[in-house]
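Below is one structure, written out as structure tokens, with a few remarks after it.
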Amino acid sequence: MERYGLRAKKSLGQNFLTDLNVLSKIVSAADVGPEDNVIEIGPGIGALTEQLALAAGQVVALEVDTSLLPVLDEVLGEYDNVKVINQDVLDVDIAALIDREFDDPSKPVKVVANLPYYITTPILLQLLNTEVKWSKIVVMLQKEVAQRLAANPGTKAYGTLSLTVQYKMDAELAFEVPRTVFVPSPNVDSAIVSLEPRKKELAVKPDDEKLLFRLIKGCFSHRRKTLSNNLQSVLGKGAEIKKQSLQLLEDLNISPTIRPESLSLDQFILLANQLKQRNL
Ligand code: SAM
């Protein structure tokens, strides 16, 4: 970067990883092989990209910072299975990108990335809201966010993000990475999360996904309140609503005094389905 007169841009979340040991652990966690099409978000100066190029069939890397392109050219020039695209990932139609850029789009597609932390959640939602059948998504995130993704009911980290991700994927915290291995060093520690399509189907399917996520968001808007109080804030005030929502919880065998983080995804789905059925 010095040779190119460049400095890491904080505003773009540029904390570069050059530790070969950590880089190869990420590639192993993603189990990248010659049959894989890999999308990397934010190749930076290409250290992870190079390891991916060595392991994968094809790599497509999306980098928003135009000034890094000459560095990427130099680092990746000898690999003919890598293409760098100078675009903001949030502006990209990911499904169309896969069809357009990979020689054989029907091969397994993985995302492997050290994400820019300022837009971690929008990127994850973008990846989860496409129709793409991901083979794996292995990403480096801020440790606290990684813990939220993989959190189980009843824990402090469990909430809307856990449920949103786990609705589609099995999430596992692969390993933690100290801030000291990045250049420049960020103010937070990081962790690698591995997401794979759910192995176990949901016990119940939601009748209305939008309602389900409105309910989840509403129930977690006041984590310290009881489920019953949160539910009433979602449904609206009034004695009749209160009576109906208490009845609903009783019918589902859910205690009204528990906190929202005690409910599993299946229970939230049951609850949302009942709200719809009872026109609440
Ligand atoms: N992959 C490199 C590494 O591991 O060292 C860099 C990771 S750095 C944490 C995040 C990268 O994402 C930076 O290169 C940054 O320029 C890029 N980036 C930031 N916002 C982006 C966006 N909206 N679209 C694509 N890339 C972005």
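Some values worked out for this structure:
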item: Any hit, the range 101-113, residues being within 10 Å of the ligand (Cβ to nearest atom) and not basic (Lys, Arg); result: yes
item: Tally of residues being assigned to a helix (DSSP H, G or I) and within 14 Å of the ligand (Cβ to nearest atom) across the range 59-83; result: 9
item: Unique match (being surrounded by fewer than 20 Cβ atoms within 10 Å (Cβ to Cβ), of a type outside the set (Phe, Trp, Tyr), within 13 Å of the ligand (Cβ to nearest atom) and modelled with pLDDT of 95 or more) among ALA55, ALA47; result: ALA47
item: ILE26 vs. criteria buried (at least 21 other Cβ atoms within 10 Å of the Cβ) and assigned to a loop (DSSP other than H, G, I, E, B); result: no
item: Complete set of residues in the range 99-136 that are basic (Lys, Arg) and within 14 Å of the chain's Cα centre (by Cα); result: LYS110, LYS136
item: Residues of the range 80-128 that turn out to be free of Cβ contacts under 8 Å to residues at least 40 places away in the same chain, farther than 20 Å from ASN15 by Cβ and β-branched (Val, Ile, Thr), as a count; result: 3
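The values are calculated or read from the model by the stated rules, or taken from the named source; none is laboratory data. It should be emphasised that the depicted structure is a prediction, and the values quoted were computed from it without experimental measurement. Ideal geometry is used to build each Cβ from the backbone, glycine not excepted, and the neighbour counts take in all protein chains shown.
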